[in-house]
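See structure below.
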């Protein structure tokens, strides 16, 4: 039994530093299963309900795979139109009903606060898979886990890390949540690079300063990415703007390619991005000429997402210490992974 | 081997009273698996094909979970557009092909009679998950099972039960099917509360009278719900009307809240609803102030749906007596359920 | 380890005759599992990602069932809109990310060459489930496997087989791929029956002639189907035409029914079709009065599709010799199959 057993994961604000370390320690133990060196069947017979009332491919697949990797089954719903919610059903009713069909639920919904409201009526634990512009805690956790792992290559940890966050910091729920999590560590240095109108919300900036961290705000990419450990680039979230035209004013404002990296970054600076990266010419947030850069961590991030989600499932369902007990050899050819 | 082994479930008219009791007895045995006190793997390796050519969340998830709870795998199709039917394929062809991909099929389709037509060509058993305004037998079974269970709390059974059905009784396939099943019991008293234009079809009323039951028809909610054991409220099925405007004339015609319940119902009257309940202000079929009423059985209904669907799968696939043989302990933390 | 272990299946051009025979030999061994005489759990714990960026019911379900029949789990994505590709993500990125969620991937995509491009960046094996008008190799394999099996009833093999292909031979990727595979056998006789504008592409005709096969082109159905072993009828692929009107000029050009069959075909001529067959009056490619004709092989084709896809999975994942080792009895009632 841990602090997570039987509980919801709704917001990054529910975690303290010790709990983060616990999640990361369990995530580390998941590596052999995700790399397919071993199979575990610890959750054989358990059912995850993946409720995606807003479109998603990678988050949905990542949660689904994580549950399968622990031996459980996945039932899914995608889209809002076909659901009973469209017939006037309340979130309370939906939660009471659907929580009778599963052992654990992951829910994404376009409306802020909807997942927390759903969780109140659910009879099984609920993980927030993203509620509008509000929260996406598993993304923040996998980002933090990735930073921790990348820094470990240089014998560093998250204390005193220097992070630059770039792009639409006003609408990006991942940068909001990630900042709040980083605030749990010591003396973090934040540099926020954004167009004037898309800056980090003032309440988050104030919160970080209050917690003793250093915050720099700039509109200059060159200034922002110099002398940091992590560059966290983001996508202009077109779907959160009033129109494509308004969004287009900002797409392409900050482009990083190998030339920019070599000119302005430290040689060990790690490049991250919550993905998908917009590779169309007018945006090109991270040029493909960075793909061979060993410090480009974007695909390690998504791989780490599976580990973190496995850890969350294991902790919530209280099986984190039984995973190995139900391990078996892998029957099939796996080639090289990661 | 039972009367169900290897057979389709297409219509409530295929059941006699003894068969209903057999389904309910097997459903009762499913409780420990649905409550996650035990896991069974009796259907490990079996494949359910959930073919939902018409939108559904709860029915689809309920069937899927029921199959997973027995240890089987679920493959799904949702929507009509993307299917071969849209390319001019006949139901016969679809059935011949798809029945080669599964051990059992659940099918929902907007067209009356389509599931029965499909079943004729299928090489595996087919369960009707709803064919237009026609039939939805598993809903009727779970409703009847719920009535039986709720009445048992008062040491009553289904003979001589008094039931009020309310709302759009013209289009509601659940009230049609449920009435036909109740007709198999003795001296049932039916009260049908509906706007004049949306009354219970005359052939059903005549059938019930012919079978020796008492039928009362009224437009008055207050009269209808007085002195009954079960109040079965329903939704105005907007999607079955010519327009939203026509449907709106009837939405909200019959509203039940705690005040109405206290004023007009017996203290032990059980409240049911096939769900989803329309909780928008202009409809508000069952007010949320009933949520704490211990006789509100609507969420027990959906939980019972899983039990009944497990029973149907077990009986059709002939494993109803092997379920316990493949039982195992549950590895994970389950909290409190039901 | 075979030539297939760990490799992609992208195009029929990657196979030689010996490899085809190897696939078919493994497919033959899959019969008892597909017929549910036995269950195998050899891929328990493995994850297939079924990525269908273009609509499909039968191909998607067939691959999914094949993987389940080997004991593995299936995660799915359908539709293009909801995917990250719609947010400007490159196929390279999608492949790098999603290949971290699965052990093997089946992908369908409307764009020619997209699956091969995806496969280059994937860290796990990829099977082409259809890329636009280009390739659909598993369909060609199951067709060839079916021909081989049907001919075996008459103690014949694929050498010197006489095949008539009928319909829209310009757009039909299945007839293109199938012709290339047949070209690996000896002295095949091809008869292509098509409207003038929808004939077999010249490069394929030249390729077949160069390989020493006999090619006849005609617009006459009666001539084309006389004196052949196999009649391979196809659908006018409406979705590949500029408009429904243009497509409609050709729908119904070649209709085969029992009368036509008796008049013009040999008594042992086998009738095949990649399905779905368009049974609407204006098309009616294969009349339903052929359904009782024992040489109508269309539903044996789709059943064979499961066997061939099981074989591909087993070979790619290197478990083709372990399938029986993980076999178990079937617990449930299976009735008669095939």
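The values are calculated or read from the model by the stated rules, or taken from the named source; none is laboratory data. The shown structure was predicted, so the numbers you read here are calculated from the model rather than taken from an experiment. Because the Cβ atoms are built from the backbone with ideal geometry, glycine has one as well, and the counts that use them run over all protein chains shown.
I'm checking my understanding of the structure. Among residues of region C:38-58 that are more than 10 Å from chain B (Cβ to nearest Cβ) and at pLDDT 95 or above, which one is nearest to residue B:94 (Cα to Cα)?
Across region C:38-58, the extreme among qualifying residues is C:51.
Under the condition of being out of contact with any helix residue (DSSP H, G or I) (no Cβ under 6 Å at 6 or more places or on another chain) and buried (at least 19 other Cβ atoms within 10 Å of the Cβ), which residue from region C:251-271 is farthest from residue C:159 (Cα to Cα)? Can you show your working first?
Initial filter on region C:251-271 (out of contact with any helix residue (DSSP H, G or I) (no Cβ under 6 Å at 6 or more places or on another chain)): C:251-253, C:255-256, C:259-263, C:266-269, C:271.
Within this subset, residues satisfying the condition of being buried (at least 19 other Cβ atoms within 10 Å of the Cβ) are C:251, C:256, C:261, C:269, C:271.
Numbers: C:251: 33, C:256: 26, C:261: 24, C:269: 16, C:271: 18 Å.
Within region C:251-271, the match that is farthest from residue C:159 (Cα to Cα) is C:251.
Determine, yes or no, whether residue A:61 is crowded, with 24+ Cβ neighbours inside 10 Å, within 13 Å of another protein chain (Cβ to nearest Cβ) and over 25 Å from residue B:298 (Cβ atoms).
Details: crowded, with 24+ Cβ neighbours inside 10 Å: yes; within 13 Å of another protein chain (Cβ to nearest Cβ): yes; over 25 Å from residue B:298 (Cβ atoms): yes.
Spelling it out, residue A:61 is indeed crowded, with 24+ Cβ neighbours inside 10 Å, within 13 Å of another protein chain (Cβ to nearest Cβ) and over 25 Å from residue B:298 (Cβ atoms).
Tell me which residues, restricted to region C:94-129, are in a loop (DSSP other than H, G, I, E, B) and either within 14 Å of chain A (Cβ to nearest Cβ) or on the phi > 0 side of the Ramachandran plot (or both).
Quick first cut of region C:94-129, residues in a loop (DSSP other than H, G, I, E, B) only: C:99-103, C:110-113, C:122-125.
Listed by number, the residues that qualify are C:99, C:100, C:101, C:102, C:103, C:113, C:122, C:123, C:124, C:125.
For region C:221-238, state whether one or more residues are touching a residue at least 40 places away in the same chain (Cβ under 8 Å) and surrounded by fewer than 14 Cβ atoms within 10 Å (Cβ to Cβ).
Yes, region C:221-238 contains a residue that is touching a residue at least 40 places away in the same chain (Cβ under 8 Å) and surrounded by fewer than 14 Cβ atoms within 10 Å (Cβ to Cβ).
Suppose we filter region C:3-21 for residues that are in a loop (DSSP other than H, G, I, E, B), in contact with a strand residue (DSSP E or B) (Cβ under 6 Å, 6 or more places away or on another chain) and within 18 Å of residue C:320 (Cβ to Cβ); how many remain?
The initial filter retains those residues of region C:3-21 that are in a loop (DSSP other than H, G, I, E, B), namely C:3-8, C:10-11, C:15-16.
Next cut, in contact with a strand residue (DSSP E or B) (Cβ under 6 Å, 6 or more places away or on another chain) only: C:8, C:10.
Within this subset, residues satisfying the condition of being within 18 Å of residue C:320 (Cβ to Cβ) are C:8.
Of the residues in region C:3-21, 1 are in a loop (DSSP other than H, G, I, E, B), in contact with a strand residue (DSSP E or B) (Cβ under 6 Å, 6 or more places away or on another chain) and within 18 Å of residue C:320 (Cβ to Cβ).
Step by step: first the residues of region C:290-320, then only those that are assigned by TED's automatic domain parsing to the domain that holds residue C:49 and out of contact with any helix residue (DSSP H, G or I) (no Cβ under 9 Å at 6 or more places or on another chain), then the one that is surrounded by the fewest Cβ atoms within 10 Å (Cβ to Cβ). Which residue is that?
By that ranking, first place goes to C:318.
If the requirement is being crowded, with 18+ Cβ neighbours inside 10 Å, out of contact with any strand residue (DSSP E or B) (no Cβ under 6 Å at 6 or more places or on another chain) and modelled with pLDDT under 95, which of these qualifies: A:91, A:142, A:80? Don't jump to the end; show me each part of the working.
Values: A:142 fails: modelled with pLDDT under 95; A:80 fails: crowded, with 18+ Cβ neighbours inside 10 Å.
Testing whether each residue is crowded, with 18+ Cβ neighbours inside 10 Å, out of contact with any strand residue (DSSP E or B) (no Cβ under 6 Å at 6 or more places or on another chain) and modelled with pLDDT under 95 leaves just A:91.
All but one of (1) touching a strand residue (DSSP E or B) at 6+ places or on another chain (Cβ under 8 Å); (2) part of a loop (DSSP other than H, G, I, E, B); (3) touching a residue at least 40 places away in the same chain (Cβ under 8 Å) hold for residue B:60, so report the exception by its number.
(2)
Output the residues belonging to region A:285-309 that are at the interface with chain C (Cβ under 10 Å from one of its Cβ atoms), part of a loop (DSSP other than H, G, I, E, B) and out of contact with any strand residue (DSSP E or B) (no Cβ under 9 Å at 6 or more places or on another chain).
Matches in region A:285-309: A:291 only.
State whether one or more residues within region A:105-118 are surrounded by 21 or more Cβ atoms within 10 Å (Cβ to Cβ), within 21 Å of residue B:67 (Cβ to Cβ) and in contact with a strand residue (DSSP E or B) (Cβ under 6 Å, 6 or more places away or on another chain).
Yes, that holds for at least one residue.
It is to be established whether one or more residues within region C:130-140 are in contact (Cβ under 8 Å) with a residue 60 or more places away in the chain and either within 14 Å of chain A (Cβ to nearest Cβ) or part of a strand (DSSP E or B) (or both).
Yes, region C:130-140 contains a residue that is in contact (Cβ under 8 Å) with a residue 60 or more places away in the chain and either within 14 Å of chain A (Cβ to nearest Cβ) or part of a strand (DSSP E or B) (or both).
Among the residues of region C:64-83, is any in a strand (DSSP E or B), more than 14 Å from chain B (Cβ to nearest Cβ) and under 24 Å from residue A:73 (Cβ atoms)?
Within region C:64-83, the subset in a strand (DSSP E or B) is C:73-78.
Adding the requirement that they be more than 14 Å from chain B (Cβ to nearest Cβ) leaves none.
No; the residues of region C:64-83 include none that is in a strand (DSSP E or B), more than 14 Å from chain B (Cβ to nearest Cβ) and under 24 Å from residue A:73 (Cβ atoms).
Looking at (1) under 30 Å from residue C:318 (Cα atoms); (2) facing another protein chain (nearest Cβ under 10 Å), which one does residue A:324 not meet, given that it meets all the others?
(2)
Where in region B:180-272 are there helices (runs of 4 or more DSSP H), lying fully within it, with 3 or more residues that are under 28 Å from residue B:13 (Cα atoms) and in the same structural domain as residue B:141 (by TED's automatic domain parsing)?
Working: elements: B:202-210, B:221-225, B:244-250, B:258-264.
Answer list for region B:180-272: B:202-210.
So which of B:191, B:174 ends up being modelled with pLDDT of 95 or more and surrounded by 17 or more Cβ atoms within 10 Å (Cβ to Cβ)? Give the derivation first.
Working: B:174 fails: modelled with pLDDT of 95 or more.
Of B:191, B:174, the one residue that is modelled with pLDDT of 95 or more and surrounded by 17 or more Cβ atoms within 10 Å (Cβ to Cβ) is B:191.
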